[in-house]
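Step one of this worksheet: look at the structure below.
The values are calculated or read from the model by the stated rules, or taken from the named source; none is laboratory data. In this text the structure is predicted, and so the values were computed from the model without any measurement. Cβ: placed from backbone, ideal geometry, glycine included. Neighbour counts: every protein chain shown. Protein only, heavy atoms only, side chains kept; ligands, DNA and RNA dropped before computing areas. Shrake-Rupley method; radii C 1.70, N 1.55, O 1.52, S 1.80 Å.
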Amino acid sequence: METPLIVIAGRPNVGKSSLFNRLVGRRQALVADQPGLTRDRQEATAVLGGRLVRIADTAGLEEAPPESLSGRMRAGAASSLEQADLIVFVVDARAGILPPDAHFGAWLRRLGRPVLLVANKTEGRAGYNNALDAYSLGLGEPLSVSAEHGEGLSHLMSTIAEMLPPAPEAPEGTDDEAAGAEGDDATKPLRLVVLGRPNAGKSTLVNRLLGENRMLTGPEPGITRDAITLPMRDVDGREFQLVDTAGLRRRARVQDEVEKLSTGATINAMRFAEVVVLVVDAVDGLHDQDLQIARLVEREGRAMVVALNKWDAVEDRDAARKAVSDRLERSLAQLKGIPVVTLSAMTGANVQKLLPAVRAVHDTWNKRVTTSALNRWFEDAISRHPPPAVQGRRLKLRYVTQANARPPTFVVFGTRAEATPEDYRRYLINALREVFDLPGTPIRLDFRGTVNPFRDKD
Ligand code: GDP
């Protein structure tokens, strides 16, 4: 589901911008304010009542001369109003209901989108009485606030959240539909790239994969001069685009190639790919260069599977498997639980297990966890292991939401949340990974300080 859109509307000078700033909280905005679709509109992302929302302000309209208001209102703001999941219609309770308010109110009623009527500037007794005036608009009970004095805002935020279309919830706490909307579409080819040290067996593996799976067309030019893309389909009919940088490897001398691991072509191929298969020579064991590639994968936010190749030539398999797994866990704190598939590209043994592992880690990389499931976990996680004090003051972490997938990206909000120390961040990431079953993918966790959005001067 798309992030719900809330549009703040009303005639000039009723306080739309102040309300926008209060709702966005400035410091709690997830992304910097984006210049709007028109000059008449700014937009920001915020969390209200635990829901991630987009809030648009039509404040630019305030510059319009009043007599041209309705015309400009239609031209500049109508399109965003038509797309709004909720229109927050603001009137100035001190000034009372003026003809432009009534005019605009009637227009909004005809538009047929959900409207929340807000009477602003209601500080003090007179303000409250004036708010009652707004009933005459025929848009239901006005909600009284004072954007300037910060009154009535928590009630406003929770009312907005209640009026939005329900957030999608999947029973097991994940939301596959939302992921689908963003491009985790099983009909789109899954893009993977095979990387690894020289002689790890990449070419042999690519040839084996092509031999076992149906090539859809011939090789296509790749994303760099040296790479080609190989479209293929696995036994289940899932399409893949396999990036092969073989040309690059053949030309380069071995030393050059090692350097190239962290440069141009490799990084390009990695950016293009969704999943990286790191081929490791099991006889040789895991080298620093392998870890170097894995760290790049983490930095670029890709999912990863290790193909532990030449398994046919390994004598002590238990020891070899353990050595690699231990080193991966120890050295890659940011990318825990990477699936390891032992195989032999040369004989073909176990190669059929590779693509299922790639698909599984790709699903994980696309995974969405619902806000409610996240916050149930979050409460438990912070009560079990409370956030530390920083410079003598306790951190108050309030709630968490998943802002993105590919890779899973979460945002924790709270007072001074941005000061959360590294080891506590690590604790939360590890717990997230375990509880929501997210192995083999980087997890991003951001912290946003808020001016306590749930408590104002109410
Ligand atoms: P690349 O440089 O990573 O592309 O590696 P190649 O695919 O060219 O393979 C390097 C060498 O390892 C070749 O001599 C391959 O025959 C050998 N090789 C590749 N896969 C296997 C395997 O599964 N088992 C064994 N024993 N040798 C392998």
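Observations, loosely collected:
- Measuring between alpha carbons in the structure, the pairs from Lys202/Lys353; Lys310/Lys353; Lys367/Lys396; Lys188/Lys353; Lys202/Lys367; Lys336/Lys396 lying more than 19 angstrom apart are Lys367/Lys396; Lys188/Lys353; Lys202/Lys367; Lys336/Lys396.
- Model label sites at Arg271 and Glu434, defined 7 Å from Cα along the beta-carbon direction, differ in position by 3.7 nm.
- In terms of overall dimensions, the C-alpha atoms belonging to the range 337-393 reach 61, 27, 17 Å along their principal axes, ordered largest to smallest.
- Fully extended contour minus Cα-Cα distance, from Leu98 to Ala360, at 0.36 nm per residue: 88.3 nm
- Using 0.36 nm per residue and subtracting the Cα-Cα separation, the extra length available between Arg321 and Ala333 on full extension is 2.5 nm.
- Approximate spin-label separation Tyr135-Thr3, in nm, with each point projected 7 Å along Cα-to-Cβ: 3.8
- Fraction of antiparallel bridges per DSSP, the range 371-449 only, in percent to nearest 5: 60
- Projected label points at Thr409 and Trp107, each 7 Å from Cα along the beta carbon direction, are separated by 3.6 nanometres.
- Protein heavy-atom surface of the range 371-449, 1.4 angstrom probe: 46% of the accessible area is carbon and sulfur, with nucleic acids and ligands not counted.
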